[in-house]
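Everything below concerns the one structure shown next.
The values are calculated or read from the model by the stated rules, or taken from the named source; none is laboratory data. In this text, all values refer to a predicted model and were calculated from it rather than measured experimentally. Reconstructed Cβ throughout: ideal geometry from the backbone, glycine too, with neighbour counts over all protein chains shown.
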Amino acid sequence: MDGDSAHSMEAEREMTRLWRTFRTVYELLADRGYEVSDNELVLPLEDFRAKYADPLGYPDRTKMKIQARPTETMKLKYTALPSKANPNPQPDCGTIYVDFCPDSSGVGTKQVRAFNHLVDENNFHTGIFITQTPISPSAVRLLSGVPGRICEHFQEQDLLVNITRHELVPKHVLLSPEEKAKLLERYRLKESQLPRIQVSDPVARYLGLRRGQVVKIIRKSETAGRYASYRWVI
Amino acid sequence: MAQSGPSHALKTSLPETYAAVNAQQPPPSYKYPTQEEQDKYLEGRPGATQQHLEVALEHAQQIQTQKDAEDVILNRILELLELPSSPTADPAAPSQEDTIKFKYALAPFRPSDYDNLILERNFEDSCGYTLCPRKYRKQDRGPGGGFQFKYGPKGSGPGGRGRSVDIVSEDRVEKWCSDACAERALWIRVQLSEKPVWERRAGDTRGTAILLLEEARAKRLKAPAPTSSVSSVVDDLQSMGLGNRDRSRELAMERGDTSTIRPDGRVNVNIRENQRSSHQVPGAPQMRPEDANGGTIEGYVPREQQRVDQDGDIDLLDQI
């Protein structure tokens, strides 16, 4: 009896943790500009449990697969400016697919290969692979080496809380190519003269920023009220 | 500049076929822009010169080489996960084919890449040694786990009595199926070159001439006892032909020590003897009276030579 209750406590704990991660994933998708419905964003724990628990009360990660399509505003942001060579540019974004890896340890090239294959076969533009433990260095390289597709990796514990909701994290807004061109024109800058932010920065990873984009960072300022700065993603 | 990879011609749901198709594709390698493209690029940039562009292209090419090499290593790791080819293979006597494949694949590896391979193999539940088909040791860890005692053979303790005891972390022991396999795998690791493959030079044998532990042992047993008699050393030196001028030129060529500017080597060596100012032959030293007692050594007189006068004063005459 005692062992049983310990078991269910353990299951309950894991369930709650995963529910938090799951919610952060939806917030992430919404922040990036994908179509996410309102009740998905505020999914209560009971509903999550009813939907994704296995008979033992543990979460069943194989059921937790998310797909989302980009909104029109997001497509606009990811469309390059028309140029002579490319007068009618297409938006460089598409359906995103999120997969939770059910293996509790030892995630290596085998799982990543299967994930890559899945993303490629279903023609998803972007894939997010979420694991419980860190993945091996070769798996990281394999994940980033899919030609023409973007595959990202997060650990469940990284998404336990939404870092962008922390009061010390300022608001990051991605600029569209047009806004970027205007900014550079306004300040008479080359993009290399902007301050920079790394692609591996936690917020940059959260927003899925790509090299060459410019992000506007809006901070609170005691003297000026709001203070905006711009960073070039490298 | 970088070309996007060719789109997949074949889409299939079989992971094996998919992997095979992916493996067949050569890594997207660097294509050097033609003169036309270079001119076109320079046209729009008044500040840039041909030289700037060449430097940039040179660096780009180096980076591309690195990326290609890393891709090769990743593919090799994936290949080595499949070894050994038969599930009943004996790690102590691996098949010829597997051995050749293993050694060939290891050539571009650094020790860190080899560690990745071991990690990957453990993730697939196999022993860290590539030629071993068994599973790796996995023990259930207690709540205070993470370390374990490891006892040496009898008589290995301090002073030749008892057993030596080592406390080792479990993941170091758990990578392999047995201690023998651990030894084999680590023996391979020490032979790998720390230098990344794109920095290695031609003729760098480290990392290419890899021996398995069994081979190395067999070789050591077979090797004749070292002969170190003077005559054999002299013979060896003579057979090297150091004095031979043609031969040394050949050797310098091999080292890359010659150039068209300085045909004799990297620096010009001119031997110039000192001119002797006089032709007098210095004579042998002659005995002088003060040399009778040896004199002083930088002002110090050895104790035996300090003659004490009748009144107890040290006679300083000799010392001055």
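Among residues of region B:271-295 that are in a loop (DSSP other than H, G, I, E, B), those with a Cβ under 6 angstrom from a residue that is modelled with pLDDT under 80, sequence gap 6+ or separate chain, pair up as B:N293/B:Q305.
Would you check if there is a residue in region A:212-232 being under 17 Å from the mean Cα position of the chain (by Cα) and either buried (at least 16 other Cβ atoms within 10 Å of the Cβ) or closer than 22 Å to A:P70 by Cβ (or both)?
Start the filter on region A:212-232 by keeping residues that are under 17 Å from the mean Cα position of the chain (by Cα), which leaves A:213, A:215.
Of the ones still in play, those that are also either buried (at least 16 other Cβ atoms within 10 Å of the Cβ) or closer than 22 Å to A:P70 by Cβ (or both) are A:213, A:215.
Checked against the condition, which is being under 17 Å from the mean Cα position of the chain (by Cα) and either buried (at least 16 other Cβ atoms within 10 Å of the Cβ) or closer than 22 Å to A:P70 by Cβ (or both), region A:212-232 yields at least one hit.
Residues in region A:141-170 that are surrounded by 15 or more Cβ atoms within 10 Å (Cβ to Cβ) and assigned to a helix (DSSP H, G or I): A:R141, A:L142, A:L143, A:E156, A:D158, A:L159, A:I163, A:T164. Within region A:40-51, residues that are closer than 20 Å to A:L29 by Cα sit with their Cβ atoms under 6 Å from residues that are aromatic (F, W, Y), at 6+ positions apart or across chains, in these pairs: A:E40/A:Y26; A:L41/A:Y26; A:L45/A:W19; A:F48/A:W19. Do we find that B:Y32 is within 14 Å of chain A (Cβ to nearest Cβ) and of a type in the set (F, W, Y) in this structure? So B:Y32 fails the test.
For the criterion of being within 14 Å of chain A (Cβ to nearest Cβ) and modelled with pLDDT under 85, B:Y151 fails.
The set of residues in region A:75-116 that are within 12 Å of chain B (Cβ to nearest Cβ), of a type in the set (S, T, Y) and in contact with a helix residue (DSSP H, G or I) (Cβ under 7 Å, 6 or more places away or on another chain) contains only A:T109. Inclusion of A:T131 among residues that are crowded, with 18+ Cβ neighbours inside 10 Å, in contact (Cβ under 8 Å) with a residue 60 or more places away in the chain, β-branched (V, I, T) and under 30 Å from B:L117 (Cβ atoms) is not warranted.
Identify, please: which residue in region B:107-129 is more than 14 Å from B:Q191 (Cα to Cα) and of a type in the set (A, V, I, L, M, F, W, C) and is, among those, nearest to the other protein chains (Cβ to nearest Cβ)? In this case the residue turns out to be B:F123.
Determine whether A:V36 is assigned to a loop (DSSP other than H, G, I, E, B), of a type outside the set (S, T, N, Q) and buried (at least 19 other Cβ atoms within 10 Å of the Cβ). Break it down stepwise before answering.
Numbers: assigned to a loop (DSSP other than H, G, I, E, B): yes; of a type outside the set (S, T, N, Q): yes; buried (at least 19 other Cβ atoms within 10 Å of the Cβ): yes.
Here the answer is yes, as A:V36 does meet what is asked.
Quick one: would you say A:V203 is touching a helix residue (DSSP H, G or I) at 6+ places or on another chain (Cβ under 9 Å), assigned to a helix (DSSP H, G or I), aliphatic (A, V, I, L, M) and within 25 Å of A:T73 (Cβ to Cβ)? It would help to see each step written out before you state the result.
Details: touching a helix residue (DSSP H, G or I) at 6+ places or on another chain (Cβ under 9 Å): yes; assigned to a helix (DSSP H, G or I): yes; aliphatic (A, V, I, L, M): yes; within 25 Å of A:T73 (Cβ to Cβ): yes.
Yes; evaluated as a whole, the condition is true for this residue.
Being away from chain A (no Cβ under 14 Å), modelled with pLDDT under 70 and either assigned to a helix (DSSP H, G or I) or surrounded by 16 or more Cβ atoms within 10 Å (Cβ to Cβ) (or both) is not true of B:G142.
Can you tell me which residue in region B:44-60 is surrounded by the fewest Cβ atoms within 10 Å (Cβ to Cβ), limited to those that are part of a helix (DSSP H, G or I) and over 33 Å from the mean Cα position of the chain (by Cα)? Show your work before the answer.
Within region B:44-60, the subset part of a helix (DSSP H, G or I) is B:50-60.
If we keep only those that are over 33 Å from the mean Cα position of the chain (by Cα) as well, we get B:50-53.
Details: B:Q50: 11, B:Q51: 8, B:H52: 12, B:L53: 16.
Result: B:Q51.
If you go through region A:171-200 and keep only what is in a loop (DSSP other than H, G, I, E, B) and charged (D, E, K, R), you end up with A:R188, A:K190.
When you go through A:P91, A:P55 one by one, which is the residue that is outside any helix (DSSP H, G or I), over 30 Å from B:L81 (Cα atoms), in contact with a Ser or Thr (Cβ under 9 Å, 6 or more places away or on another chain) and at pLDDT below 90? Quick ask: steps written out before the conclusion?
On the way: A:P55 fails: in contact with a Ser or Thr (Cβ under 9 Å, 6 or more places away or on another chain).
Just one listed residue meets the conditions, A:P91.
When residues in region B:80-106 are screened for being within 14 Å of chain A (Cβ to nearest Cβ), without any contact (Cβ under 8 Å) to a residue 40 or more places away in the chain and either within 17 Å of B:C181 (Cβ to Cβ) or surrounded by 15 or more Cβ atoms within 10 Å (Cβ to Cβ) (or both), 1 of them pass.
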